[in-house]
Amino acid sequence: MKKFLSIFAIALAGAGCCLVDEDLSGCPDEYSIDYEMRLVTNVQTEINTVLGLEADVHVAKALKDYLKDIFSDFAHDVDLSFYDFNEPRPVLEHFSDIMDANQTSYTLHLPVREYMHLAVANIADNQLVDLDKEESCGTSCLLQGDPDENNIIKTHNTGLFTARLPMNILEGVDQSFLVQLYMANCATALVVDNTAEGTPEISGFKAFTTGFADSFNIADSTYVFNRNPLVEAVNVPVEGGAESCYVTVQFPSKEPKPESKVVIETTDPFISESADDALWEWVVYVTLPDGSVTESRLGLIKPLRAGQLKIIRVRIGHDGIVSTDDTSVGVSVTLDWNQAGVHIIPL
């Protein structure tokens, strides 16, 4: 039997249109597949908890506005691949579409056999991450672009969602499949209190994050850590108030190794006594009026996982030192950082 895929998009309003091939002669029966975006996140809770004071209303609004298109269950585009279920699992059928919804349905005409189906949403407009090596199920991945000559990358600009589902197409049986796509990246925000007592005059502020994955294997839902670039934070405009906000969106951090942690009796797992084994960091460079630069590294011992937001409130103290009251964050400081050696980070 001829192997091809004929897919019909069923719009929410009920109108349908043929996207691939209207000639269905010789095709097997129709099979329905439903796609649903599943956003599991702590964004609203984190903003309400960390930025819940009256003085935070402006920065909270700015952060919500910036993240609303990242942490969203709305899919602009979908990329759908159907692989042979058996090794070496080559791609048999592939289809992409503009979805512009949080759920949709397709009618499939697939030859009878077992498939492994992989789905990706919001990849088309991402300026940093590409779908790579999709010709084989085991190699298909979301791959982050190379850092520049200074080991710096930009932040992700779309929320990425993926799914994987084994599909056994049976002959003469009415079947339907539900594919739920979950978020694959995450975000963190640094909120700076510019009115804290002792805040010095500064002439420059630059922030980065580091310690995150650079690719994601779609079939087995695992992250790969080949490089460790600096993710350049976006300075989010805040209208009103006395706080500034910096944000990065990226793949998640590593998970802690339980045997290397001192676990405390708590409802929040993986807390250790110090940040010596930080899983990821904010790296902040404050330039003082005399031209000297202070480097502050804020180490996080709790992992940042897919779909999560972590907000850290900080203040700038004497000599440009960045500090926080968040007890889950450890801070190390290098004064006169620009005098300590040869550095390539552009400030």
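Miscellaneous remarks
- The stretch 50-69 residues that are closer than 16 Å to residue 235 by Cβ, paired with ones that are open to solvent by less than 70 Å² (accessible area, probe 1.4 Å) and in a helix (DSSP H, G or I) (beta carbon under 8 Å, 6 or more apart): 63/47; 67/43
- Scope the stretch 311-338; condition touching a residue at least 60 places away in the same chain (Cβ under 8 Å), open to solvent by 50 Å² or more (accessible area, probe 1.4 Å) and not in a strand (DSSP E or B); matching residues: 318, 319
- Residues (open to solvent by less than 50 Å² (accessible area, probe 1.4 Å), over 14 Å from the mean Cα position of the chain (by Cα) and either without any contact (Cβ under 8 Å) to a residue 24 or more places away in the chain or under 18 Å from residue 223 (Cα atoms) (or both)) located in the stretch 154-174: 163
- Within the stretch 293-310, considering residues that are open to solvent by 20 Å² or more (accessible area, probe 1.4 Å) and in a loop (DSSP other than H, G, I, E, B), the one modelled with the lowest pLDDT: 302
- Counting the residues of the stretch 106-156 that are hydroxyl-bearing (Ser, Thr, Tyr) and under 17 Å from residue 177 (Cα atoms) gives 3.
- Criterion applied to 236, 224 was being more than 13 Å from the chain's Cα centre (by Cα) and under 25 Å from residue 76 (Cβ atoms), and the one residue passing it is 236.
- Here residue 79 clears all of (1) within 30 Å of residue 171 (Cα to Cα); (2) surrounded by fewer than 17 Cβ atoms within 10 Å (Cβ to Cβ); (3) among the acidic types (Asp, Glu) except the condition numbered (2).
- Scan the stretch 205-226 for residues that are among the small types (Gly, Ala, Ser) and open to solvent by 20 Å² or more (accessible area, probe 1.4 Å) and the total you get is 2.
- Test: residue in the stretch 102-113 that is under 29 Å from residue 312 (Cβ atoms) and among the charged types (D, E, K, R): no
The values are calculated or read from the model by the stated rules, or taken from the named source; none is laboratory data. What you are looking at is a predicted structure, and each value in this text was computed from that prediction instead of being measured. Reconstructed Cβ throughout: ideal geometry from the backbone, glycine too, with neighbour counts over all protein chains shown. Side chains included, ligands, DNA and RNA excluded: accessible areas come from the protein's heavy atoms. Shrake-Rupley method; radii C 1.70, N 1.55, O 1.52, S 1.80 Å.
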